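Structure record follows, encoded as structure tokens.
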């Protein structure tokens with residue numbers, strides 16, 4: 001990990017290149033576009049071409065582009081409910097118990113987050129909170145298995161009251177189906193439809209519908225650059241939860257922190273992806289050195305050691321600052337997905353934290369529990385978007401509808417003000433629509 005000393009140097013390092021990076025196109029993406037569409041192109045026009053294909057040709061295009069990109073022959077786009085149920089029965093018992101325990105805690109948390117409709121009859125206004133009718137989540141697949149993402153997206157939607165919730169997850173080359181654990185999580189979460197689809201084509205199908213895929217009002221969930229670009233391009237035709245880049249964790253630690261636990265948490269983040277960003281912000285040079293030693297010892301023992309090593313070497317940062325106040329300022333500037341605080345009287349620091357997806361306090365409320373069932377969804381804003389966005393929750397799937405029921409007396413009291421403002425804006429029709437009501441009385 002790269003070590004940086006001082007607040008300003010650390011801030012410059014952490015904010016350099018910050019963002020989703022969707023404006024650049026790797027060479028292999030251009031080559032892929034050429035092999036499929038006959039011309040090199042940037043990732044945005046490439047994904048737009050895929051979206052247009054799904055919109056115009058439906059299932060036929062889904063099958064052809066999936067075969068070209070992923071070398072998978074789609075036998076069935078929608079997974080039948082019997083296959084979902086059998087997968088639930090097939091998974092190991094300990095996994096089933098753990099998924100159900102996680103689901104229970106996520107449901108409990110989300111129910112406590114439900115907003116309540118309210119009414120003020122005296123003032124003449126109210127707000128109704130209503131769920132969207134349909135939603136869907138993208139669940140990454142391929143060589144990976146993420147049943148936790150099913151729980152973390154489907155359960156908030158179901159608690160919110162969404163009528164129809166779907167997931168899309170790439171199938172395997174062997175049988176074309178998503179992993180058993182993903183299907184089992186869908187069964188536990190009462191997902192209505194499961195589609196064996198991946199990539200930008202999955203997002204397009206969920207947004208616009210095909211012969212086999214039911215269109216959704218909101219699309220949520222993480223994914224690779226193709227998924228992220230596709231979500232950006234379909235936004236406006238459907239709602240989205242946010243745009244996500246590689247995962248990231250900041251550990252904010254003082255001299256009281258346990259270096260072994262800090263190192264373990266950084267590695268848990270690093271093993272996700274070579275682009276995952278593990279960051280340590282500390283007030284202690286000694287702690288920083290001890291954590292680096294622990295990282296060197298522990299990384300070699302990981303199954304995904306190569307990935308974790310690449311993440312630590314190319315993305316990892318150790319920022320050493322003078323005081324805890326500077327550490328909080330630096331974290332707020334970086335706006336991480338996760339912030340784990342291992343410091344004296346950690347709870348007292350919470351009011352100063354403004355930009356983050358989720359906060360973990362103390363060495364036993366650790367980020368891995370957030371991944372697998374602490375309660376909040378693990379789908380969180382990354383790449384600095386925590387400056388303006390929150391993590392996925394019941395609120396992602398709920399609209400607020402104001403209702404105005406003002407008394408005649410109040411309306412007449414407000415009319416002169418409405419008329420004055422309307423005439424200032426040159427909207428005489430507005431002014432007269434207000435004033436005519438006075439004339440009728």
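Since every read-out is calculated from the coordinates, none of them should be taken as a lab result. Note that this is a predicted model, so its numbers are computed, not measured. All Cβ positions, glycine included, derive from the backbone under ideal geometry; neighbour counts span all protein chains shown.
Just a few scattered comments:
- When the helices of the chain are scored as -39500 (n - 2.57) per DSSP H run of n ≥ 4 and the total is divided over every residue, the value at 222 nm lands at -14500 deg cm²/dmol.
- Fluctuation leader among 380, 152, 41 - the chain, Gaussian network, Cα springs under 10 angstrom: 41
- Mean separation of Cα contacts under 8 Å (6+ apart) over length of the chain, as relative contact order %: 20
- Ranked by how many other beta carbons lie within 10 Å on average, peptides 162-168, 425-431 from highest: 162-168, 425-431
- Relative contact order for the range 302-441, counting Cα pairs under 8 Å that sit 6 or more residues apart, in percent: 16
- Pairwise label distance in nanometres, residue 40 with residue 112, each label 7 Å out on the Cα-Cβ vector: 5.5
- Ranked list, fewest to most other Cβ atoms within 10 Å of each Cβ, for 281, 91, 421: 421, 91, 281
- Entry note, the range 157-263: relative contact order of 18 percent, from Cα contacts under 8 Å with a spacing of 6+ residues.
- Residue ranges 292-298, 367-373 sort as 367-373, 292-298 when ordered by packing (mean number of other C-beta atoms within 10 Å per residue, highest first).
- GNM top mover of 211, 424, 413 - the chain, alpha-carbon springs below 10 Å: 424
- Potential extension, residue 258-residue 119 segment - 0.36 nm per residue separation minus Cα distance: 45.0 nm
- Legend: ranking of residues 441, 151 from fewest to most surrounding C-beta atoms inside 10 Å; resulting order 441, 151.
- Sorted on the mean count of surrounding Cβ atoms within 10 Å across their residues, most packed first, peptides 351-358, 229-236 read 229-236, 351-358.
- Note on residue 76 and residue 407: their simple-model spin labels are 6.2 nm apart, each label 7 Å out from Cα toward Cβ.
- Note on 323, 262: ascending count of other Cβ atoms within 10 Å places them as 323, 262, the fewest first.
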